[in-house]
Amino acid sequence: MLQQYDFEVNGLEVHAQYDSDDVDKVFRPLLEKIQQIQKEAGKRIFVFLAAPPGSGKSTLLAFLEHLADQMGINDLQTVGMDGFHYHQKHLNENYLFESGRMIHLKDIKGQKQTFDVDLLYRKLRDSQNGDCLWPVYSRQIHDPIDDALLINKNIVLLEGNYLLLGGKWKRLREFSSLNILISCDASVVRQRLIDRKLKAVETLQQAIDWYEKSDSVNVKVVLEESEDPDILIDYDGTRYNVRYGL
């Protein structure tokens with residue numbers, strides 16, 4: 001049975017639906033597990049939630065925060081990784097050399113190369129020792145806003161596409177107490193991403209072209225390169241199925 005929930009995500013009102021079975025069999029037990037991990041740790045913990053674009057992870061995070069409050073888990077907050085985009089000025093002024101050609105960073109905004117992983121590492125490190133201000137991404141100005149969110153709870157759910165990648169991303173996981181990956185077939189998110197881009201461009205073809213050029217690349221990276229989650233949640237576009245202890 002579907003239940004309706006209303007949230008604000010990235011400054012926008014969102015009407016979301018979740019199946020009551022998923023709420024009771026997936027999300028409530030997940031929050032209980034996270035709460036238990038924090039109690040055993042006796043300090044602030046970070047939980048990483050990685051998922052491909054279009055899978056609804058920002059909305060899910062808002063829902064989990066709402067559900068935690070209903071369950072009496074009041075020491076939990078959620079934050080997205082999007083605040084760690086490089087500023088637009090940096091993207092406009094910088095290039096990278098890849099596959100034998102120069103690529104303007106502004107043309108691949110949203111791909112893994114356009115995030116400041118070093119800054120995210122420092123913020124995670126500093127948050128181990130006390131409350132800390134983090135950046136957030138504004139959908140109104142399409143740029144990060146520095147020091148806009150105070151990390152001050154003992155359970156912090158951090159979501160982002162690339163949190164479980166290898167390479168320079170892997171060192172972030174020294175700060176994570178639990179790693180969760182939402183997996184789904186690329187076809188599940190394709191139409192969602194095209195519909196989302198259609199709100200920002202003039203034609204359907206432009207939205208499709210953007211998906212093929214950018215979003216599809218990001219989806220593939222997340223689904224194929226994410227490493228060894230502790231919990232895998234399979235998503236078919238409607239329902240969630242969880243697997244623990246991977």
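No value in this document is a laboratory result; all are computed from the given coordinates. Keep in mind that this is a model prediction, so the values were computed, not measured. FYI the Cβ positions are ideal-geometry reconstructions off the backbone, even for glycines, and counts take in every protein chain you see.
Of all beta bridges that DSSP places with both ends in the stretch 103-246, some 75 percent have antiparallel geometry.
Given the pairs Lys57/Lys168; Lys123/Lys213; Lys33/Lys153; Lys109/Lys220; Lys39/Lys170; Lys123/Lys168, which span a C-alpha to C-alpha distance of over 20 angstrom in this model? Numbers along the way, then the final one.
Values: Lys57/Lys168 23 Å; Lys123/Lys213 31 Å; Lys33/Lys153 17 Å; Lys109/Lys220 16 Å; Lys39/Lys170 25 Å; Lys123/Lys168 15 Å.
Correct reply: Lys57/Lys168; Lys123/Lys213; Lys39/Lys170.
Of all DSSP beta bridges confined to the chain, the antiparallel ones make up roughly 55%.
Over the Cα atoms of the stretch 142-230, what is the Rg over Rh ratio if Rh follows Kirkwood? Please report the intermediate quantities before stating the final value.
On the way: Rg = 16.0 Å, Rh = 15.4 Å.
Across the stretch 142-230, the Cα-based Rg/Rh ratio is 1.04.
If you run the Gaussian network model on the chain, springs between alpha carbon atoms under 10 Å, then out of Ala68, Ala200, Ala41 the most flexible one is Ala200. Placing one equal scatterer on every Cα of the stretch 22-63 and applying the Debye formula, the log10 ratio I(q)/I(0) at q = 0.14, 0.33 Å⁻¹ is -0.40, -1.12. Sorting Trp134, Trp210, Trp169 from the fewest to the most surrounding beta carbons within 10 angstrom yields Trp210, Trp169, Trp134.
In deg cm²/dmol, rounded to 500, what helix-only [θ] at 222 nm does the chain give when every DSSP H run of at least 4 residues adds -39500 (n - 2.57) and the total is split over its residues?
Values: 7 runs with 75 residues, N = 246.
-9000 deg cm²/dmol, from helical runs alone.
With kT/(6 pi eta Rh) evaluated at 25 °C and eta = 0.890 mPa s, and Rh the Kirkwood radius from Cα pairs, the stretch 81-216 diffuses with a coefficient of 146 µm²/s according to Stokes-Einstein.
For Leu178, the amide hydrogen comes within under 5 Å of the amide hydrogens of Phe48, counting only partners 5 or more places away or on other chains and with H modelled in the peptide plane. The stretch 149-225 and the stretch 25-97 have Cα centres separated by 12 Å.
Just check the stretch 105-172 against the gyration tensor rule for me: Cα atoms, a ≥ b ≥ c as the square roots of the eigenvalues, rounded for a/c under 1.5, and otherwise prolate or oblate depending on whether a/b exceeds b/c. Because a/c hits 1.5 or more and a/b fails to exceed b/c, the stretch 105-172 counts as oblate. With N the number of residues in the stretch 1-83, Rg(Cα) / (2.2 N^0.38 Å) evaluates to 1.11.
Given the stretch 133-187, report the % of alpha carbon pairs whose separation exceeds 19 Å. Present the calculation step by step, with values, prior to reporting the outcome.
Numbers: 719 of 1485 pairs.
Result: 48 percent of Cα pairs exceed 19 Å.
For the stretch 20-35, the Karplus equation 6.51 cos²θ - 1.76 cosθ + 1.60, evaluated at θ = phi - 60°, returns couplings of 4, 5, 5, 4, 7, 9, 10, 7, 5, x, 5, 5, 5, 5, 4, 4 Hz by residue, with Gly and Pro reported as x. Comparing mean-square fluctuations of Lys199, Lys153, Lys43 from a GNM of the chain with C-alpha springs under 10 Å, the top value falls on Lys199. Taking one equal scatterer on every alpha-carbon of the chain, how large is log10 of I(q)/I(0) by Debye at q = 0.07, 0.14, 0.18 1/Å? The Cα Debye sum returns log10 ratios of -0.23, -0.98, -1.71.
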